[in-house]
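**Q** Before I ask anything, here is the structure I am working with.
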Amino acid sequence: MAQRRLTQRQRARIARIQEKRRERLNRRAEVPLADAREPPPLPGRVITRHGANLVVADESGRLHHCLFRQNLGHLVCGDQVVWQRTGDGEGVVTALLERSSLLSRPDYSGRDKPLVANISQILIVVAPEPPTSDFLIDQYLVAAERAGVAALIAINKLDLLSPPAAAELRARLAAYERIGYLLVQVSARSRQGLSPLLERLRGHTSILVGQSGTGKSSLIKALLPDLAIQIRRLSRATGLGRHTTSAATLYHLSSAGELIDSPGVRSFRLPDLSPSEIQQGFREFRRYLDKCRFANCSHESEPDCALREAVEGGLVDRRRLENLRRMVAAAADRR
Ligand SMILES: Nc1nc2c(ncn2[C@@H]2O[C@H](COP(=O)(O)OP(=O)(O)OP(=O)(O)O)[C@@H](O)[C@H]2O)c(=O)[nH]1
Ligand SMILES: [Mg+2]
Ligand SMILES: [Zn+2]
């Protein structure tokens, strides 16, 4: 208990220090000569992180290799920060600004760890090969709903499919379209369908997620004519060579917008969520949830379950309800 109180006090102190730095940043324009020896605090954006190393873009888009103060918590790709120059192309991050959204997932020890911040959209990339389970898609959709950001699904590698096979794959995912998630069919290789996708990415900060090998990096390459230049600048800034696909990395879309490439997963694990948090992540279920006879209905075998009735009536996709139950069971197993 004593230890916890101390931690809270420490946290409050850190928050005060960060608040002061933020204030200093806000006053920057008013008192330019306040302290001539101290490098001025500058606004920046975390482009990528490799262990203790950050690449931070300044307001003009120039990249700087930055270290960061230990008390800032876990900084991630997409974070807005305050930083100070310490040398040519080098700096130190001194404060973290408020996040508009945050995507996290449990690390190996089961603790939630931030993945990316300040995204406005999740683009789930699937392909005929390797196939993606609808369970994985539903986990990403719950994550998007929890983070309060939009989500859409891109079926990539259209060039591998005959028109009937493409139609069949699309039909398999049509349930997502019916509940309001946009579905686009594209090919990074043949460049089919890229314009409508670009249209949906404009003005957004989108993270591409999905099973390893579905073509996230290939899509980013197809969408960004200057990707090679951006990667060269990045590896110059990190001094780390071309390790850019092992960590979430933010790229600029010339048509205004940002794309974040993320390393693929074999299975995505949601953060620790309660059953009610998980079911709120199924957007088409929400209207039924307060109509079950029991407030804590598990939608398994209780009488007068509005959700099961909706499934029987064909109003709700059966697989979605099965995946909800599976997520709830998986979360219970972890506790
Ligand atoms: N035929 C075809 N192959 C593609 C297409 N897009 C990507 N590929 C191939 O799929 C493989 C995986 O592509 P990547 O872009 O590395 O996939 P990724 O999703 O970034 O994979 P991770 O980084 O491991 O998550 C590569 O061999 C690509 O050439 C496509 O539209 N058509
Ligand atoms: Mg990749
Ligand atoms: Zn129910």
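Matching residues to (1) surrounded by 19 or more Cβ atoms within 10 Å (Cβ to Cβ); (2) of a type in the set (Lys, Arg); (3) under 30 Å from Arg24 (Cβ atoms):
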| position | (1), (2), (3) |
| --- | --- |
| Gly89 | no, no, yes |
| Leu96 | yes, no, yes |
| Asp138 | yes, no, no |
| Val149 | yes, no, no |
| Ile153 | yes, no, no |
| Ala174 | no, no, no |
| Gly180 | no, no, no |
| Ser187 | yes, no, no |
| Gly193 | no, no, no |
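**Q** For region 64-87, enumerate the residues that are buried (at least 21 other Cβ atoms within 10 Å of the Cβ) and farther than 18 Å from Lys20 by Cα.
**A** Of everything in region 64-87, those that are buried (at least 21 other Cβ atoms within 10 Å of the Cβ) and farther than 18 Å from Lys20 by Cα turn out to be His64, Cys66, Val76, Cys77, Gly78, Asp79.
**Q** Something else about it: Find the residue count for region 276-333, including only residues that are surrounded by fewer than 16 Cβ atoms within 10 Å (Cβ to Cβ), within 12 Å of ligand 3 (Cβ to nearest atom) and not in a helix (DSSP H, G or I).
**A** Final tally of qualifying residues: 11.
**Q** If you don't mind, there's one more thing I want to ask. In region 250-275, which residues are assigned to a loop (DSSP other than H, G, I, E, B) and either at pLDDT 95 or above or open to solvent by 70 Å² or more (accessible area, probe 1.4 Å) (or both)?
**A** Ser254, Arg266, Ser267, Arg269, Asp272
**Q** Kindly indicate whether any position in region 230-238 is at pLDDT below 95, of a type outside the set (Lys, Arg) and open to solvent by 40 Å² or more (accessible area, probe 1.4 Å).
**A** No, region 230-238 contains no residue that is at pLDDT below 95, of a type outside the set (Lys, Arg) and open to solvent by 40 Å² or more (accessible area, probe 1.4 Å).
**Q** Among the candidates Leu194, Leu208, which residue alone is hydrophobic (A, V, I, L, M, F, W, C), under 28 Å from Arg283 (Cα atoms) and more than 16 Å from ligand 2 (Cβ to nearest atom)?
**A** Exactly one residue qualifies, and that residue is Leu194.
**Q** Being touching a Phe, Trp or Tyr at 6+ places or on another chain (Cβ under 7 Å) and modelled with pLDDT of 90 or more narrows it down to one residue among Leu67, Leu72, Leu42, Leu97; which is it?
**A** On inspection, the qualifying residue turns out to be Leu42.
**Q** Restricting the search to region 179-218, which residues are assigned to a helix (DSSP H, G or I), touching a helix residue (DSSP H, G or I) at 6+ places or on another chain (Cβ under 8 Å) and either within 13 Å of ligand 1 (Cβ to nearest atom) or over 22 Å from Leu160 (Cα atoms) (or both)? Even if it seems obvious, please write down each step before you answer.
**A** From region 179-218, those assigned to a helix (DSSP H, G or I) are 194-201, 216-218; that's our starting set.
Among the residues that remain, those that are also touching a helix residue (DSSP H, G or I) at 6+ places or on another chain (Cβ under 8 Å) are: 194, 197-198, 201.
Of everything in region 179-218, those that are assigned to a helix (DSSP H, G or I), touching a helix residue (DSSP H, G or I) at 6+ places or on another chain (Cβ under 8 Å) and either within 13 Å of ligand 1 (Cβ to nearest atom) or over 22 Å from Leu160 (Cα atoms) (or both) turn out to be Leu194, Leu197, Leu201.
**Q** With farther than 30 Å from Ala174 by Cα and charged (D, E, K, R) as the only criterion, which of Glu59, Glu129, Glu145 stands out?
**A** Going through Glu59, Glu129, Glu145 in turn, just one is farther than 30 Å from Ala174 by Cα and charged (D, E, K, R): Glu59.
The values are calculated or read from the model by the stated rules, or taken from the named source; none is laboratory data. Since the structure is predicted, the reported quantities are computational estimates derived from the model, not experimental observations. Backbone-built Cβ (ideal geometry, glycine too); neighbour counts: all protein chains shown. Note: accessible area is taken over every heavy atom of the protein model, side chains too, but ligands, DNA and RNA are not part of it. Shrake-Rupley method; radii C 1.70, N 1.55, O 1.52, S 1.80 Å.
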